[in-house]
Amino acid sequence: MPAYSTNMRLKFPILALVLELITIILYALFVSYDDGKSSGHHGKDNSSAEHSENPVALYPMFQDVHVMIFIGFGFLMTFLKRYGFSSVGVNLLLAAFGLQWGLLLQNVWHLEDGKIKVSIEKMINADFSTATVLISFGAVLGKTSPVQLLIMTLLEITTFCMNEHVAVTMLGASDIGASMTIHAFGAYFGLAVARVLYRPGLQNGHENNGSVYHSDLFAMIGTVYLWMFWPSFNSAIADPGTPQLTAIINTYFSLAACALAAYATSSLVEKKGKLDMVHIQNATLAGGVAVGTCADMSIGPFGAMTIGVTAGIISTLGFKFLSPILESSLGIQDTCGVHNLHGMPGILGGLAGILAALLGKKEEVYPGMQAAALASSIGFALVGGAITGLIMRLQIWGQPSDQNCFDDSIYWEVPEEDEEAAENLTHADHSKNKAEA
């Protein structure tokens, strides 16, 4: 029996069930329903009176974020021609575990009477915590086992919650759409893991590390869902009223401007002015990432558009020119190009937040604290990602060989493969019968 089968048959189900059992025990001890008197995330009170009257007021926003996590991120990664099951399926696995773990660790700092009182806002933030893992998943897509990825989810969300507490609660930084604490963090955590898990055998490419017509079309489903719902992602936990409306408007215009810039830049850098689907799938979303930190600040629609255009350009140029350099010079094999969609636009968002604070676009937001939060996010990501990568390298977890990377059939029952095997068996039987005759 191949080693990878043992990894799935024994280690994966045992690890998954043990993690879930531990989580259930912790929930039994520390988690209860919200009684309507709970304070908001990070200790702020997001209109408790309004919350008591309508505890599900944020549910539509929660559903929008949920769609982004499970459909948007999942389908965005289906561009690989033989890895679609894993892209969508493992995305669901990691998010399902991650949101449970994230809700626990995010709120361990804010226990009320020794309990975490679950509200819609806490569920939104739990979904946010899983986004960091799904971003990092893109950097190592196709090169890791489900066991390794569960370990990464456990460790990354733990690190994320530590950084979030430092950046937002202790430093008091404003990052309502989480350009720094989710996008930059998730990207550089994933890049650090990818660097530690570097595979010399893949430096000349792999036949399955590419797309076909229909796989790129499936990936565009993820792009469109993310693009449509990103205003909810950036505004979901903003203060009710004008700040929340401002976050929606800024994200709306940043995404629109970013799309134009990404299309134009793709046409400029490609031969004969044709569009590259990789750029369109990813760079069109960079405006949502980059405007996140200052989404609820009064930067004006023109300011949001400026951020969006800048993000679209740098993201597209990153896919065209920077990714090959990172792989050849630094040994960073970034499958989905998360550095271009989340890393650089996340840093751009952090810098935009510093500038907005300097211009006084939001009260009680200070440039120094914004800069410290950006540095904290990148620092936690690089150190945490490197440590996590070293743990994931341990042979006890198992991982696909270089030859078996980017291939669903290693960990999934694939119908096409079964049919092909059946046809081969039929042909073998016919040959045998003919030989006997």
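The values are calculated or read from the model by the stated rules, or taken from the named source; none is laboratory data. All values derive from a computational prediction rather than experimental measurement. Neighbour counts are summed over all protein chains in view; Cβ atoms, including those assigned to glycine, are modelled from backbone coordinates with ideal geometry. The protein model used for the area step is the full one, side chains on, heavy atoms only, and it has no ligands, DNA or RNA in it. Shrake-Rupley method; radii C 1.70, N 1.55, O 1.52, S 1.80 Å.
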### Query
Does Thr335 fit the bill of being at pLDDT 95 or above, buried (at least 22 other Cβ atoms within 10 Å of the Cβ), in a loop (DSSP other than H, G, I, E, B) and at negative phi?
yes
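Quickly run through region 329-343 and pick out the residues that are in contact (Cβ under 8 Å) with a residue 40 or more places away in the chain and over 17 Å from Asp276 (Cα atoms).
Applying the first criterion (in contact (Cβ under 8 Å) with a residue 40 or more places away in the chain) to region 329-343 yields 330-343.
If the condition is that a residue be in contact (Cβ under 8 Å) with a residue 40 or more places away in the chain and over 17 Å from Asp276 (Cα atoms), then Leu330, Gly331, Ile332, Gln333, Asp334, His339, His342, Gly343 are the ones that fit.
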### Message
Here is a check on your reading of the model: is Ser315 open to solvent by less than 10 Å² (accessible area, probe 1.4 Å) and either under 30 Å from Pro200 (Cβ atoms) or of a type in the set (A, V, I, L, M, F, W, C) (or both)?
### Response
yes
### Task
Give just the number: which of (1) assigned to a helix (DSSP H, G or I); (2) over 23 Å from Asp64 (Cα atoms); (3) touching a residue at least 40 places away in the same chain (Cβ under 8 Å); (4) among the hydroxyl-bearing types (Ser, Thr, Tyr) does Ser267 not satisfy?
(3)
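Restricting to region 74-86, name every residue that is under 14 Å from Ile410 (Cβ atoms) and open to solvent by less than 40 Å² (accessible area, probe 1.4 Å).
Once the filter is applied, which keeps residues that are under 14 Å from Ile410 (Cβ atoms) and open to solvent by less than 40 Å² (accessible area, probe 1.4 Å), region 74-86 yields Leu80, Tyr83, Gly84, Ser86.
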### Task
Looking only at region 161-179, decide whether some residue is in a helix (DSSP H, G or I), under 16 Å from Val291 (Cβ atoms), at pLDDT 95 or above and open to solvent by less than 30 Å² (accessible area, probe 1.4 Å).
yes
### Message
Consider region 192-245. How many of its residues are assigned to a helix (DSSP H, G or I), hydrophobic (A, V, I, L, M, F, W, C) and either open to solvent by 10 Å² or more (accessible area, probe 1.4 Å) or farther than 25 Å from Ala178 by Cβ (or both)?
### Response
12
## Note on the structure
The number of residues in region 115-133 that are under 15 Å from Asn234 (Cβ atoms) and of a type outside the set (Asp, Glu) is 4
### Task
State the number of residues belonging to region 317-341 that are in contact with an Asp or Glu (Cβ under 8 Å, 6 or more places away or on another chain) and among the hydrophobic types (A, V, I, L, M, F, W, C).
2
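Counting just the residues of region 365-408 that are more than 30 Å from Met297 (Cα to Cα) and among the aliphatic types (A, V, I, L, M), which one comes out surrounded by the fewest Cβ atoms within 10 Å (Cβ to Cβ)?
Filtering region 365-408 for residues more than 30 Å from Met297 (Cα to Cα) gives 383-408.
Imposing the further condition that a residue be among the aliphatic types (A, V, I, L, M) reduces the set to 383, 386-387, 390-392, 394, 396.
Numbers: Val383: 14, Ala386: 16, Ile387: 15, Leu390: 12, Ile391: 16, Met392: 21, Leu394: 11, Ile396: 7.
Going through the qualifying residues, I end up with Ile396.
Can you say whether Thr153 is closer than 18 Å to Leu390 by Cα, open to solvent by 10 Å² or more (accessible area, probe 1.4 Å) and in contact with a Leu (Cβ under 7 Å, 6 or more places away or on another chain), as far as the supplied structure shows?
Numbers: closer than 18 Å to Leu390 by Cα: yes; open to solvent by 10 Å² or more (accessible area, probe 1.4 Å): no; in contact with a Leu (Cβ under 7 Å, 6 or more places away or on another chain): yes.
Answer is no for this residue.
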### Message
Just to be sure I understand, how many residues within region 238-271 are within 28 Å of Pro60 (Cβ to Cβ) and among the polar types (S, T, N, Q)?
### Response
6
